[in-house]
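First the structure, in the form of structure tokens, and then the observations on it.
The values are calculated or read from the model by the stated rules, or taken from the named source; none is laboratory data. Owing to the predicted nature of the structure, the values given are computational and were not obtained by experimental measurement. Reconstructed Cβ throughout: ideal geometry from the backbone, glycine too, with neighbour counts over all protein chains shown.
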Amino acid sequence: MTPSHNPPADGGFKYNPPHGGPADSDATTVIAARANELIRGNIEGVRRIAFAKARTAVGAYDFLGSYVDDLPSVVDLALIRDAGVKIGADPLGGASVAYWGEIAERHGLDLTVVNPLVDPTFRFMTLDWDEKIRMDCSSPSAMASLIARKDDYDIATGNDADADRHGIVTPDGGLMNPNHFLSVAIAHLFGGNRPGWPAGARIGKTLVSSSMIDRVAASLDKPMVEVPVGFKWFVPGLIDGSFGFGGEESAGASFLRMDGSTRTTDKDGLILCLLASEIPAKTGSSPSALYAGLVAEHGDPAYARVDAPATREQKAKLAALSPDDVTATTLAGEQITGRLTEAPGNGAKIGGLKVTTESAWFAARPSGTEDVYKIYAESFRGPDHPARVQAEAREVVSAALG
Amino acid sequence: MAPDSRAGTPAQPSDTVDVAHLVTAYFDLEPDPDNVDQQVAFGTSGHRGSSLSTSFNEVHIAATTRAICDYRKEQGYDGPLFIGRDTHALSEPARATALEVLVANDVTVLVDDRDGFTPTPRCRTPSSAPTRASSPVSPTASW
């Protein structure tokens, strides 16, 4: 039961089938249709018993202990402890609150729970970009109070209300852009620090994540797999160990245990936060300093996302495009090298379009809730180039939609 | 961002929700089945809404829970179901509704032994969950 980082008045209800990862659309479509049918029938026939009786019929499971005790199998906590990394962990009033204290206690870490308060109004938050309270650990506005204390810790971290996402704050870089931390995490994990992983373990990324990851993968000579947006695409690879890491640009990721076995099949914000401390413990450098090193080696990508108006019909057409619908040959001054409507990693439909050139790309995807489509763009040709890519992306999409 | 934006500044009392009102609305308001904004929209991230806009209320959770029971039956999932909640005000009443339906429909449910809050990844760990050898399906369904 969680609406993730969303405002205090919101509720959310998720179901993960036995593989442990997010439910696929074949499950969610059936469940939604059946639920709405039951509502139409005034939920007659939905068997229920009184809460007092239900409460005594359930079993108890030690969620916290089994999670916290297993952590050394996935992150090198001894290294973090011995290096004396000073950590500040901010649960943003969410479900990780008791976990951080136990992690510090059981594993002897120099970790302070920055704000241990739980209050369903979340009145201790700083307001998000639109002046709403939102427990978004990747938002500089929502994370402002932790960012202000960045110099108090070697690594400061935040989680959203259900702790599946991570936010990393360093003294030298402030709140890291999620794409930047993903790149550093991948460079660390695949750069010799997980000798127990299978030699062929692959890097999983969504196709709207930074192409810095492509360049890191190429320089390490590690296989990388691009999947559509959504963590569910990483589930099979995390179960069979063929993916070492799966990550989304929205600051959600997970990775294998040290020995190459499965840790989780959904995003885990806590292990990513702990990894942010393993990195300086091992290298002596902060994750943001290491990202500056990646920029020096591979270039400095600029990333942007904007919305463009689209009718319901245009959105449906965009979701069903084929590569042949794209007639353009150049994009923002470069030859088009790829026109994708299926993810290269697994052949799954993108539900939109991705166009690549040597140093830039854009992806266009219809919004599920609003009459817009989203244009993600990235370029290694300077901070102003993504805007040009996005402007030309509109033309490419308009032409393709006819 | 407007120069006078309050983004990044501490929340004020006027920004906070009336929690008691929110929970009462959860039990009190009933969705109109013909209003698409009040229907269950169950995607990969599940169903989201608010009791105040009649998109996340007792009726939605009871119906969705029953639909999950039916889906489990169709798929032959008969292992235990792990349920957790975060610190949002509506997570606790919604969990109570779900338990009432799950137990009545003979699903084995496992809840946090401290009755505390549970991060999502803690509900999503297939290999470390307890297993039951006789079960034909890995008994790790969870929320």
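Here are a few things to note about the model shown:
- Verdict on A:GLY108 being more than 19 Å from the chain's Cα centre (by Cα) and either more than 29 Å from A:ASN16 (Cβ to Cβ) or crowded, with 18+ Cβ neighbours inside 10 Å (or both): yes
- Pick from region B:117-140, criterion buried (at least 17 other Cβ atoms within 10 Å of the Cβ) and over 17 Å from A:LEU238 (Cβ atoms), ranking: modelled with the lowest pLDDT: B:PRO139
- Residue list for region B:30-50, restricted to those being more than 7 Å from chain A (Cβ to nearest Cβ) and surrounded by 20 or more Cβ atoms within 10 Å (Cβ to Cβ): B:GLN38
- Looking only at residues of region A:340-355 that are out of contact with any Leu (no Cβ under 7 Å at 6 or more places or on another chain) and without any contact (Cβ under 8 Å) to a residue 40 or more places away in the chain, we find that the one that is surrounded by the fewest Cβ atoms within 10 Å (Cβ to Cβ) is A:GLY347.
- Yes/no for B:ASP78 being assigned to a helix (DSSP H, G or I), in contact with a Ser or Thr (Cβ under 7 Å, 6 or more places away or on another chain) and more than 8 Å from every other protein chain (Cβ to nearest Cβ): no
- Just one of (1) under 30 Å from A:SER145 (Cα atoms); (2) touching a residue at least 24 places away in the same chain (Cβ under 8 Å) fails for B:THR54. It is (1).
- Scanning region B:11-20 for residues that are over 15 Å from A:SER139 (Cβ atoms) and either within 9 Å of chain A (Cβ to nearest Cβ) or not in a helix (DSSP H, G or I) (or both) turns up B:GLN12, B:PRO13, B:ASP15, B:THR16, B:VAL17, B:ASP18, B:VAL19.
- Note on region B:44-62: residues that are polar (S, T, N, Q) and in a loop (DSSP other than H, G, I, E, B) amount to 5.
- Pairs with Cβ under 9 Å, 6+ apart, first in region A:60-71 and closer than 14 Å to B:GLY84 by Cβ, second of a type in the set (Ser, Thr, Tyr) and assigned to a helix (DSSP H, G or I): A:LEU64/A:TYR99; A:SER66/B:SER128; A:TYR67/A:TYR99; A:TYR67/B:SER128
- Exactly one residue among A:GLY237, A:GLY244, A:GLY230 is within 11 Å of chain B (Cβ to nearest Cβ) and of a type outside the set (Val, Ile, Thr), and that residue is A:GLY230.
- Flag if A:THR126 is surrounded by 20 or more Cβ atoms within 10 Å (Cβ to Cβ), more than 17 Å from the chain's Cα centre (by Cα) and away from chain B (no Cβ under 14 Å): no
- Scan of region B:81-100 for residues that are closer than 19 Å to A:ALA57 by Cα and facing chain A (nearest Cβ under 7 Å), ordered by number: B:PHE82, B:GLY84, B:ARG85, B:ALA94, B:ARG95, B:ALA96, B:LEU99, B:GLU100
- Counted residues, region A:101-141 - those being in contact (Cβ under 8 Å) with a residue 24 or more places away in the chain and farther than 23 Å from A:ASN179 by Cβ: 23
- At least 1 residues being more than 29 Å from A:ASP259 (Cβ to Cβ), of a type outside the set (Val, Ile, Thr) and more than 7 Å from every other protein chain (Cβ to nearest Cβ) is the threshold, and among the strands (runs of 3 or more DSSP E) wholly inside region A:3-115 those reaching it are A:87-90.
- Residue check: A:LYS86 meets all listed conditions (1) touching a Gly at 6+ places or on another chain (Cβ under 9 Å); (2) under 28 Å from A:PRO140 (Cα atoms); (3) not hydrophobic (A, V, I, L, M, F, W, C) but one, namely (1).
- Among all residues of region A:308-321, there is at least one that is surrounded by 19 or more Cβ atoms within 10 Å (Cβ to Cβ) and without any contact (Cβ under 8 Å) to a residue 60 or more places away in the chain.
- Looking only at residues in region A:29-54 that are without any contact (Cβ under 8 Å) to a residue 12 or more places away in the chain and β-branched (Val, Ile, Thr), the one that is surrounded by the most Cβ atoms within 10 Å (Cβ to Cβ) is A:ILE39.
- Residues located in region A:331-360, provided they are within 22 Å of the chain's Cα centre (by Cα) and among the basic types (Lys, Arg): A:LYS349, A:LYS354
- Single residue of region B:93-108 satisfying the filter (in contact (Cβ under 8 Å) with a residue 24 or more places away in the chain and in a helix (DSSP H, G or I)) that is surrounded by the most Cβ atoms within 10 Å (Cβ to Cβ): B:ALA94
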